[in-house]
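Here is the structure we will look at, set down as C-alpha cells.
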Amino acid sequence: MPARAAGPEPPQHLLELIARLRQSGFSEVEARYDASSFGNVLRVFERPPIKLRIVRDRGDWSAELTADGWPRHEHFGEDWVLLPPVISESS
C-alpha cells in the first residue's frame, strides 16, 4: 500500500466505501494530493479486474469505477464510470 498523501479526508460516505473496499480485499495502489492544484486528491483501490478511484477535483468528491477488458477511449486510456453518491443512513 502506498503511503497515504496528506490532504483533506473524503466525506463520511466515501470513508465508509473505502472501509468496505478494504474489507472486500481491495488494496490502495495509488494516493496523490496536490495542494497547488486546488487541493486535488486521487486515491486508487484495486482488486483485479476492478479499480475504483476516489477523486477530489476543485473541492468536489466523486468515485469512479473501471475494470480490465472494458472499452478504452483513445484519449483517456481507460473507461471510468462515475458512481452516484450513496450516503448510508445512521442508526
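Some notes on this structure:
- Two-site label geometry, Ser27 and Asp57: point separation in nm, points 7 Å out along Cα→Cβ: 2.8 nm
- Between Leu82 and Ser37, the contour length at 0.36 nm per residue exceeds the alpha carbon distance by 14.1 nm.
- Portion, in percent, of the accessible area of segment 9-75 that falls on carbon or sulfur, probe 1.4 Å: 47 percent
The values are calculated or read from the model by the stated rules, or taken from the named source; none is laboratory data. Everything numeric in this text was worked out from a predicted model, so none of it was measured. All Cβ positions, even for glycine, are placed from backbone atoms using ideal geometry, and neighbour counts span all protein chains on display. Remember, those area values only see protein heavy atoms, side chains included, never the ligands or the DNA or RNA. Shrake-Rupley method; radii C 1.70, N 1.55, O 1.52, S 1.80 Å.
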